[in-house]
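I have placed the structure first, in the form of structure tokens, so that the comments after it can refer back to it.
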Amino acid sequence: MDSLLFTIVTFVAFTALVAFISWWKTRDDNLETQDGYYLAGRNLTGPVIAGSLLMTNLSAEQLVGMNGQAVRIGMSPMGWEVTSAVALCILAFVLMPKYLKTGLTTVPEFFEQRYDAGTRRLVSIIVLLSYIVIMLPNVLYAGAQVFVNIFGLDQVMVVEFGMNEASARFWAIALVCVATAIVGSIYAICGGLKAIALSDSINGIGLIIGGLLVPVFGLMALGAVTGGGFFEGMHTLLNADKTLLNAIDAPNLNEPYLPWPLLFTGLLVNNLYFWATNQSIIQRTFGAQNLKEAQKGAVFAGFLKIMTPIIIVIPGIIARLLYTNVQDWGNGDTAYPMLVADVMPKWLLGFFAAVMFGAILSSFNSILNSASTIYALDIHRPMFAPNASDAQMVKIGQIFGTIVAVVSTVMAPFFMYASGITTVVNSAFAAFNTPLFVCLLCGFFWKKVPSNAAKIIIPFHVVLYFLLQFVLRNRIAFLANVHYLYFTAVLFVLDLILMYIIVKVNPRPTDFVLHDAKVVDMTPWKQGKVVAACVLAVMVLAYVIFSPIGVGA
């Protein structure tokens, strides 16, 4: 059971089991219609939506990147996870009724309804570029990082092919990226959204089990240092360095720290875009049976996000306390794979590798499916084939998905030269996520916003953000140590001010009326707001625990 062969067999067995169940459950589905392929036939239930939302977001990028931040600075990165509950509750009860009322398949589709066709194409191109250049390569790289460390693939290449360490690591990562992309593409391109959502739910259960085992075995290893076990490890975690358990960072700290004022400002804006506007996330809710199930899925996903720091932050702190001989963690991205390789029993490595593989696949195939959806329905059909059938659009999406998978796979290995994958991704997204959210928010709730507003707001924000983040902060001493999410908060306010000016100068001649497609039952979840309030109370409790009032210092 400790052999490499057993690890490989259990890895293949679990991965194959998930694939078989997903195929069996979707074998009779009609994938030749737009709703059938891209929205799972609008038949997803709350638990499936919640699991798919979580797994689309929670991938090796978070497991490696967030633990990489935690090993350097402690508990504060949990803010990225815990405060997502606020955005998901807003999605459930403020935006979801409007989304489902319009019967949307993609977010850019709304931008045409509210603004014009040019805005739809602009938003589609921005989102597609972010998926192809940032998200997909990053997901592949982060997953490969874990596999290479767990199985020592780079060392195999050093021994077998005589490569130097750097080259061996690069090509080992590239090999895993290719394998992941091939399997993920099969799900995304051949199976459609329902196959993705089902596999996400199954892999989600495995990830929770496997993910929780890492801190458990990590605490056992930490306790063994002083001759104890799990409880001794827990005592060490809680008492060795209480500053690591304090999630409340000072206002003037820069990334990777998360200053506490950002929890109510820049981070909130960032989360609202990610959870309420990002196509790869909310496409699951568009496929809900009805409004009630969509709201259940979003709120339950918010609760699960509050729990995820146990998996994606605590192991980083354990690694910091366990590997006292490491003086410089660099970008921290090696901490989690190192901990897993050292503390996870060999007989469990196959299962854990399969769970990790499933997490990577969930994010990869979900983003790939969303990219195909946006290209086929928001770019190709309106521009090149307005009279094309649904079956033709499915085929176009599959071809485009294949091309995107190849491009992102080629780019992925080069992410190993980036300075911390989580910081790279989050700071890059901040360039465009805020103006898209502002345009969507104002479009829904401000009837007088004219059709040209988005074409002004988006370039204004992107140019100003890049000027602040990549030019002025390198030349003005005061800006050098300002967290990029402060830029997001300030620019959010400026975007709203500019939108107000645009409306005053050139208001829409007639009030915008939201189209009612009457696609699904719009009866809301009766107990939803009470449950959401309880979820938000748990979120506040989490911050009380990891503060100087609780276990931090």
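The values are calculated or read from the model by the stated rules, or taken from the named source; none is laboratory data. Computed from a predicted model, the values in this text were never measured in an experiment. When we count neighbours, we look across all protein chains shown, and the Cβ atoms used for this are built from the backbone with ideal geometry, even at glycine.
Remarks
- Of note, residue 461 does not satisfy the criterion of being closer than 30 Å to residue 310 by Cα, crowded, with 19+ Cβ neighbours inside 10 Å and not basic (Lys, Arg).
Condition check ((1) acidic (Asp, Glu); (2) in contact with a strand residue (DSSP E or B) (Cβ under 9 Å, 6 or more places away or on another chain); (3) assigned to a loop (DSSP other than H, G, I, E, B); (4) exposed (fewer than 15 other Cβ atoms within 10 Å of the Cβ)) across all residues:
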position: 486; (1), (2), (3), (4): no, yes, no, no
position: 491; (1), (2), (3), (4): no, no, no, no
position: 500; (1), (2), (3), (4): no, no, no, yes
position: 503; (1), (2), (3), (4): no, no, no, no
position: 532; (1), (2), (3), (4): no, no, no, no
position: 540; (1), (2), (3), (4): no, no, no, yes
position: 544; (1), (2), (3), (4): no, no, no, yes
position: 551; (1), (2), (3), (4): no, no, yes, no
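For (1) under 12 Å from residue 88 (Cβ atoms); (2) within 13 Å of the chain's Cα centre (by Cα), each residue gets a yes or a no:
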{"site": "256", "(1), (2)": "no, no"}
{"site": "264", "(1), (2)": "no, no"}
{"site": "277", "(1), (2)": "no, yes"}
{"site": "282", "(1), (2)": "yes, yes"}
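- The single condition among (1) modelled with pLDDT of 90 or more; (2) under 28 Å from residue 111 (Cβ atoms); (3) of a type outside the set (Lys, Arg) that residue 246 does not meet is (2).
- Members of the range 451-467 found to be assigned to a helix (DSSP H, G or I), closer than 18 Å to residue 509 by Cβ and not hydrophobic (A, V, I, L, M, F, W, C), listed by number: 455
- Test for residue 376: is it out of contact with any Cys (no Cβ under 9 Å at 6 or more places or on another chain) and either under 27 Å from residue 141 (Cα atoms) or among the hydroxyl-bearing types (Ser, Thr, Tyr) (or both): yes
- Qualifying residue in the range 322-335 (condition: touching a helix residue (DSSP H, G or I) at 6+ places or on another chain (Cβ under 8 Å), closer than 18 Å to residue 49 by Cα and not aliphatic (A, V, I, L, M)): no
- Check on residue 282, surrounded by fewer than 24 Cβ atoms within 10 Å (Cβ to Cβ), in a helix (DSSP H, G or I) and of a type in the set (Val, Ile, Thr): no
- Being β-branched (Val, Ile, Thr) and either surrounded by fewer than 19 Cβ atoms within 10 Å (Cβ to Cβ) or not in a helix (DSSP H, G or I) (or both) is a description that applies to residue 126.
- Elements of type helices (runs of 4 or more DSSP H) contained in the range 37-122, each with 3 or more residues being farther than 30 Å from residue 330 by Cα: 46-57, 84-90, 96-102, 107-114
- Only one of 238, 244, 212 that is under 26 Å from the mean Cα position of the chain (by Cα), under 30 Å from residue 483 (Cα atoms) and assigned to a helix (DSSP H, G or I): 244
- Of the helices (runs of 4 or more DSSP H) that lie entirely inside the range 297-403, those containing 3 or more residues that are among the aromatic types (Phe, Trp, Tyr) and either in contact with a Phe, Trp or Tyr (Cβ under 9 Å, 6 or more places away or on another chain) or touching a residue at least 40 places away in the same chain (Cβ under 8 Å) (or both) span 349-374.
- Considering the conditions (1) surrounded by 19 or more Cβ atoms within 10 Å (Cβ to Cβ); (2) modelled with pLDDT of 85 or more; (3) among the aliphatic types (A, V, I, L, M), residue 399 is excluded by exactly one of them, (1).
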